[in-house]
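Participant: Sending over a structure as structure tokens; questions will come in a sec.
No lab work stands behind these numbers, since they all come straight from the coordinates. These numbers come from a predicted model, not from an experiment. Neighbour counts run over all protein chains shown; Cβ positions are idealised from the backbone, glycine included.
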Amino acid sequence: MSIIERPSPEFLNSKLPSKVAVVTGSASGIGYATAKLLAEYGAQVVVVDLDAAQSQKAADSIGHGAASHACDVTSWTQQVELFEWVVSKFGALDVVICNAGIDPEVNNTFPAGHPTKEKASKSVFYDFSADEMEEVEDGKSQRLKAPPKTIFDVNLMGPIYNLKLAMHHMKRLAKGGRIIFVGSANSYLPLSDTSLYCASKHAILGLMRSASRRTDCKEANITISLLVPWTTVTPLTAPILELIPDSMIVKSVPEDLAWAVAYLVSAEPDKVNGKGVWVQGQKMKEVEDAYYDFTLTLSESTGEKWTEE
């Protein structure tokens with residue numbers, strides 16, 4: 001793993017002004033902190049979230065001319081309209097940060113009886129291990145209820161739509177661009193209580209690895225990267241993290257992740273394309289090169305040779 005230094009304010013001031021940056025899920029949390037930091041260094045930020053009022057409130061709080069646009073990222077039609085609106089209004093599309101995501105299984109990590117567990121169970125909750133039943137049509141018997149697809153609609157299909165539309169417009173505008181997926185430590189590491197969330201974030205890692213190798217994107221100077229938050233304190237996770245002593249884990253705040261995004265947006269293309277940046281506390285580490293080297297070692301141990309430029 002290679003350690004990455006935060007970009008200097010002077011460097012960001014030379015790179016970000018006039019850049020048009022779309023940040024999904026940016027009314028709060030990591031998305032908000034990211035949009036705020038980019039705007040402070042001159043980027044034209046578009047705050048995107050599900051609720052129009054919350055999106056505008058966030059944009060007003062950010063200032064620096066930040067705009068807002070409501071969008072349900074699970075809707076292809078709404079995403080098409082979002083990207084067309086951005087390009088029509090600003091005449092450019094330089095950065096797309098695919099941050100919107102949900103974790104309805106996070107409630108499983110709270111201990112029984114915890115007040116946040118009781119509160120969360122009324123809004124976001126799914127237990128993959130539970131045998132949740134539903135009545136069949138005759139009303140006389142029950143069968144196992146299918147798991148919901150919502151988590152994949154938001155965490156996977158949303159970014160897939162982001163990617164497709166960003167590539168389309170960036171190639172047409174012919175000015176290059178940066179596409180950044182927001183993954184998770186669970187893109188690499190399993191967590192038994194959040195099986196579906198882990199699956200969705202593993203999928204994002206695979207999407208980044210594959211898309212970043214596309215010849216058409218390389219020729220168009222479009223980079224595709226992955227941000228990997230570890231233990232980050234947000235309104236949703238704070239009650240869980242309060243139960244864990246600081247001596248046991250390294251905690252980040254959303255602003256730490258925002259600096260990693262600033263790096264991915266501003267560094268030279270060959271430094272960020274296909275890369276995964278882990279953020280633990282204020283430390284940033286690039287891990288994909290080490291993983292790639294490891295896979296080559298594995299292939300050689302089986303007597304096969306696998307390389308890809």
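Participant: In degrees from 0 to 90, rounded to the nearest 10, what is the angle of the helix 288-301 Cα long axis to the longest principal axis of the chain?
Facilitator: So the helix axis and the longest Cα principal axis differ by about 70 degrees.
Participant: What residue among Met133, Met170, Met157 shows peak mean-square fluctuation when the chain is described by a Gaussian network model with Cα springs under 10 Å?
Facilitator: Sorting by GNM fluctuation, first place goes to Met133.
Participant: Which whole-number value in Å³ per residue fits the convex hull of the alpha carbons of the chain?
Facilitator: Residue-normalised Cα hull volume stands at 172 Å³.
Participant: Give me the distance in nm between label points sitting 7 Å out from Cα along the Cα-to-Cβ direction at Asn221 and Glu134, one decimal.
Facilitator: With each label point 7 Å from Cα toward Cβ, the separation is 5.0 nm.
Participant: Okay, next question. For the chain, take the longest principal axis of its alpha carbons; what is the angle in degrees between that and the long axis of helix 29-40, to the nearest 10 within 0 to 90?
Facilitator: 20 degrees
Participant: Next up: Rounded to the nearest 0.05, what FRET efficiency do Ile249 and Ile3 have when you use their Cβ-Cβ distance and R0 = 25 Å?
Facilitator: 0.85
Participant: OK, next. Using r as the Cβ-Cβ distance of Asn13 and Leu144, and R0 as 41 Å, what FRET efficiency do you calculate, to the nearest 0.05?
Facilitator: Computed FRET efficiency for Asn13 and Leu144 comes out at 0.10.
Participant: Give me, ordered by chain and number, the residues 5 or more places off Val20 or on other chains with an amide H under 5 Å from its own placed amide H.
Facilitator: The list, which skips near neighbours in sequence, is Gln44, Asp94, Val95.
Participant: Between 0 and 90 degrees, rounded to the nearest ten: what's the tilt of helix 52-62 against the longest Cα principal axis of the chain?
Facilitator: Relative to the chain, helix 52-62 is tipped by roughly 50 degrees.
Participant: Take the chain, mark every one of the trypsin sites (Lys or Arg not before Pro) that falls in a DSSP loop and has at most 10 other Cβ within 10 Å, then report the longest stretch left between them, sites excluded.
Facilitator: The segment 141-304 is the longest one with no such site.
Participant: What list do you get for Asp49, Asp103, Asp293, Asp193 if you sort them by fewest beta carbons within 10 Å?
Facilitator: Working: Asp49 28, Asp103 23, Asp293 9, Asp193 15.
Ranked by crowding around the Cβ, least crowded first: Asp293, Asp193, Asp103, Asp49.
Participant: Using a Gaussian network model of the chain whose springs link C-alpha atoms within less than 10 Å, name the residue from Glu40, Glu137, Glu288 with the highest mean-square fluctuation.
Facilitator: Most flexible of the set in this elastic network: Glu137.
Participant: Give, as a single signed number, the net charge of other residues whose beta carbon lies under 12 Å from the beta carbon of Val265, with Lys and Arg counted +1 and Asp and Glu -1.
Facilitator: Taking every other residue near Val265 into account, the sum is +2.
Participant: Evaluate the distance, in nm, between pseudo-label points positioned 7 Å from the Cα of Asp289 and of Lys175 along their respective Cα→Cβ axes.
Facilitator: Taking the two extended label points, one gets 3.0 nm.
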